[in-house]
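Comments concern the structure below.
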Amino acid sequence: MLKDLFGKRKKYATIPNHQAKTDVPEGLMQKCDGCHKIFYRKEMKKNLNVCPNCGHHHPLLAWDRIECLFDMESFQEWDKDLITSNPLQFPGYDEKMEKDRLKTGLNEGVITGKGFIDGQPAAVAVMDSSFRMGSMGSVIGEKIARAIENAREESLPFIIFAASGGARMQEGVLSLMQMTKTSIAIKRFSDAGGLMISVMTHPTTGGVSASFASLGDYNFAEPGALIGFAGRRIIEQTIREKLPDDFQTAEFQLKHGQLDKVVHRQEMKTLFITLLDMHKEGGEIS
Amino acid sequence: MKQVMEFEKPIVNLKEKIAELKNFTKDSEIDLSEEISTLEKRLSVLEDDIYGNLKPWQRVQMARHQDRPTTLDYIEKLFRNFIEFHGDRLFGDDEAIVAGIAYYKDRPVTVIGHQRGKDTKENIRRNFGMPHPEGYRKALRHMKQAEKFNRPIICFIDTKGAYPGKAAEERGQSEAIARNLMEMAGLKVPIICIVIGEGGSGGALALGVGDHIHMLENSTYSVISPEGAAALLWKDSGLAQKAAETMKITSYDLKQLKVIDNIIPEPKGGAHRDLEQQADYMDHVIEQSLSMLKEYTPEELLEKRWEKYKQIGDFTTL
């Protein structure tokens, strides 16, 4: 067509600007995922990654969580060096793991160890969703099971922070069996009288919610956390019906009797201190 | 007429031809017995070749075959006086799981299993063998009872998975599965689990914590269906065939990964070709398992159960 000849021709190319896309200067500021307000990153971090305006709980890195929970320099890490052997020789898996190791500085999606919380000893497993969505393979299962066994042997209470999209596909049925392994470890721990506290953080789904995360003597969750067995999309496809917005949130689970309490991140430590203290007498495990 | 799978068509065609020839000689004077015997020999070679070298995807098809025997079929063949008991005492009765007591030889046992339907109507009633939380809670109620009365437990696993529905989530699907895993770990009676069809993820596992885990040769056991894995990993559910291979889901794979104890052979062409024979093979394995497990004290049983699961998984150090 003739008019194409005279069509608008751009004189300048627009170079997409990453900064313009996020609206937030890299590193300095952080936008809340809940209310979209912008805060100083420092301010957000001081507030444990909870939005000072709307209270939205952003993910907390495992080390940050340990830092804000345990007494200064009291934390001793266990089994830091365990890594996957890529048991199914799954194509591309080693590369993905390497990438996430570099990205996060972690060797796997969980940190286990022991330390003191306001002077009271406790064993802990903290999952980190920034490492392959906290998906559970052989290493996570093994580290958690060993941590529970250690807690049993040393008569320590055990606290777990779950954050996981579920089982790790690349380790197939071995991932599935970690559900059993961790659950049996909890049974042994529980039979010995051990106290287990589970905190479900965003997200706790699939094989993790259907094993250790649901097996605490007390099951807590952070506000707004996604908690459930099957994924929302799968359920919507199966029942051919749109699900309500609050479906599978911590508040939804509380309403349906699946949680003991939804606990704000800032109140978590105080709650632990009280609980640990309340279980000191008579809760000693042999 | 049994449903024919694509890969077994050459066998079926040859069988038809032989039948045709036999039929023909019956009504005529011509003697074709030599031709027939050649063809029968060829059939036997062909069967060995096809059924003896099934690919993972072909086993998936076997495991899903519409005529594949279900839990109730095996219960009828393997046990005496099965009495089914219903309900979880909390919410309802989930017909995707059947549970009850029966005699195995002369010994009372508790039998629990996923139950698919034989036709659409029954499948709707049984939710295609995909349980809700009340199904798992019913199963657990029976297991506790088995422990009380010192009965061994035999579980048949045959499900695509726990039902991904709204009500299931509301009633605590996760908790129900997790609870079973934990409680089964502590049951002081022998538990034998047999995967008879599809062993789909957590929904299968919730009946699958035991002292001996066996799999029928052509059954599968996996963390996710091949279709689901393909969609998740490669954004293309059409790659299910590839996923079936990569995910290592056949009985042979699981034996190699040390997840299961025994592979129970199937009759040529699959369990649905000869239920009697299949039940026979299973009978042998159940008897063996029970006689082995009855030697242990409850404490030994639990310790061995933990040892068994403790070693599953593979990792290395930096």
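Give me Rg/Rg_expected for the range A:112-186, where Rg uses Cα atoms only and Rg_expected = 2.2 N^0.38 Å with N residues.
Normalised Rg, Cα atoms only: 1.12.
In the protein assembly as shown, carbon and sulfur make up what percent of the accessible area (probe 1.4 Å)?
51
Quick one: net charge of A:Leu88's neighbours, Cβ under 14 Å, K/R +1, D/E -1?
0
In terms of solvent-accessible area of protein heavy atoms at a 1.4 angstrom probe, what is the ranking of A:His202, B:His65, highest value first?
Largest accessible area first, the residues go A:His202, B:His65.
What length, rounded to one decimal in nm, is gained on full extension from B:Lys2 through to B:Trp234, with 0.36 nm per residue of separation minus their alpha-carbon distance?
Difference between extended and current length: 80.1 nm.
P(r) for the range A:143-199: what percent of alpha-carbon pairs falls in each 5 Å bin, starting at zero?
Computed distribution, short to long bins: 4, 19, 27, 23, 13, 9, 3, 0.
Can you list the residues of the range B:1-19 with backbone N under 14 Å from a point 7 Å past the Cα of B:Glu35, pointing along Cα to Cβ?
Under 14 Å, as judged by backbone N against the label point of B:Glu35, lie B:17-19 of the range B:1-19.
Could you name every residue in the range A:141-172 that has 40 Å² or more less accessible surface in the full protein assembly than in its own chain alone (probe 1.4 Å, ligands and nucleic acids excluded)?
A:Met169
Report, for chain B, the % of DSSP beta bridges that are antiparallel, rounded to 5.
Among the beta bridges of chain B, antiparallel pairing accounts for roughly 40 percent.
For A:Glu67 paired with A:Asp277, estimate the spin-label separation in nm (one decimal), with each label point 7 Å from Cα along the Cα-to-Cβ line.
The modelled label-to-label distance comes out at 2.7 nm.
Quick check: Cα centre of the range B:6-44 to Cα centre of the range A:107-186, how many Å?
Taking the Cα centre of each part, the range B:6-44 and the range A:107-186 sit 61 Å apart.
Please list, in chain and number order, the residues 5+ apart from A:Ile159 or on another chain whose amide H is under 5 Å from its amide H, with Hs placed from the backbone.
A:Ala123, A:Val124, A:Ala125, A:Ile197
Comparing B:Asp93, B:Asp27, B:Asp236, which has the greatest mean-square fluctuation in the GNM of chain B with Cα pairs linked when under 10 Å apart?
B:Asp27
List, by residue number, every residue in the range A:125-139 with a reduction of 30 Å² or greater in accessible area between the chain on its own and the complete protein assembly, 1.4 Å probe.
Residues losing area: A:Ser138.
Computed FRET efficiency, Cβ-Cβ of A:His36 and B:Gln256, R0 51 Å: what is it to the nearest 0.05?
For A:His36 and B:Gln256, the calculated efficiency is 0.50.
Looking at chain B as a GNM with Cα springs under 10 Å, which of B:Gly186, B:Gly165, B:Gly117 has the largest mean-square fluctuation?
Highest fluctuation among the options: B:Gly165.
Would you mind telling me the antiparallel percentage of the DSSP bridges in chain A, rounded to 5?
Counting only bridges with both partners in chain A, antiparallel ones make up about 45 percent.
From the C-alpha coordinates alone, can you work out the Kirkwood hydrodynamic radius of the protein assembly as shown, in Å?
26.3
Which percentage, to the nearest 5, of the DSSP beta bridges contained in the protein assembly as shown is antiparallel?
Bridges in the protein assembly as shown are about 45 percent antiparallel.
Between B:Glu122 and A:Arg240, what FRET efficiency follows from the Cβ-Cβ distance if R0 is 22 Å, with the result rounded to 0.05?
0.50
Measure out, as a whole number of angstrom, how far apart the alpha-carbon centroids of the range A:222-244 and the range B:179-211 sit.
Taking the Cα centre of the range B:179-211 as reference, the centre of the range A:222-244 is 26 Å away.
Using a 1.4 Å probe on protein heavy atoms only, how many Å² of accessible area do B and A hide from each other, summed over both chains and rounded to 100?
4600
Taking the square root of 5 times each eigenvalue of the Cα gyration tensor, what semi-axes in Å does the equivalent ellipsoid of chain B have, largest first?
Taking √(5λ) for each eigenvalue gives 37, 23, 20 Å, largest first.
If each DSSP helix of 4+ residues adds -39,500 (n - 2.57) and the sum is divided by the residues in the protein assembly as shown, what number results at 222 nm, nearest 500 deg cm²/dmol?
It comes out at -12500 deg cm²/dmol, rounded to the nearest 500.
Using the C-alpha atoms of the range B:9-114, what convex hull volume per residue, in cubic angstrom, is computed?
Normalising the Cα hull of the range B:9-114 by residue number yields 189 Å³.
Give me the extension gain from A:Glu267 to A:Ala192: residue separation times 0.36 nm, minus the current Cα-Cα distance, reported in nm with one decimal.
Between A:Glu267 and A:Ala192, full extension yields an extra 24.1 nm.
In the range A:174-192, which residues become less accessible by 40 Å² or more once every protein chain is in place, relative to the chain on its own, using a 1.4 Å probe?
At a threshold of 40 Å² (probe 1.4 Å), the residues of the range A:174-192 that become less exposed are A:Leu174, A:Leu176, A:Met177, A:Thr180, A:Lys181, A:Ile184, A:Lys187, A:Arg188.
For A:Lys42, which lysines qualify as cross-link partners when the Cα separation must be under 28 Å and same-chain residues fewer than eight apart are set aside?
By straight Cα distance, A:Lys42 reaches A:Lys21, A:Lys31, A:Lys99, A:Lys103, A:Lys114, A:Lys269.
Can you give the accessible area per residue of the protein assembly as shown, in Å², using a 1.4 Å probe?
Heavy-atom SASA per residue in the protein assembly as shown reads 46 Å².
At 1.4 Å probe size, with no ligands or nucleic acids counted, give the accessible surface of A:Tyr40 in Å², nearest ten.
Roughly 130 Å² of A:Tyr40 is accessible to a 1.4 Å probe.
Between B:Lys310 and B:Gln145, what is the spin-label point distance in nm, taking each point 7 Å from the Cα along the Cα→C-beta axis?
3.4
Please work out the Kirkwood hydrodynamic radius for chain A, using every pair of different C-alpha atoms, and report it in angstroms with one decimal place.
This gives a value of 20.6 Å.
Which of these, A:Leu226, A:Leu271, A:Leu174, has the largest mean-square fluctuation under a Gaussian network model of chain A (Cα springs below 10 Å)?
A:Leu271
Would you list, by chain and number, the aspartates and glutamates whose Cα falls below 16 Å from the Cα of A:Lys280, excluding same-chain residues fewer than 8 positions away?
Output for A:Lys280: A:Asp118, A:Glu154, A:Asp217.
If I take every Cα pair under 8 Å that is 6 or more residues apart in chain B, average their sequence separation and divide by the length, what percent do I get for the relative contact order?
So the answer I get is 15 percent.
The values are calculated or read from the model by the stated rules, or taken from the named source; none is laboratory data. Bear in mind that the values here come from a model prediction, so they are computed numbers and not experimental data. Cβ coordinates were reconstructed from backbone atoms using ideal geometry, including for glycine residues, and neighbour counts include every protein chain displayed. Protein only, heavy atoms only, side chains kept; ligands, DNA and RNA dropped before computing areas. Shrake-Rupley method; radii C 1.70, N 1.55, O 1.52, S 1.80 Å.
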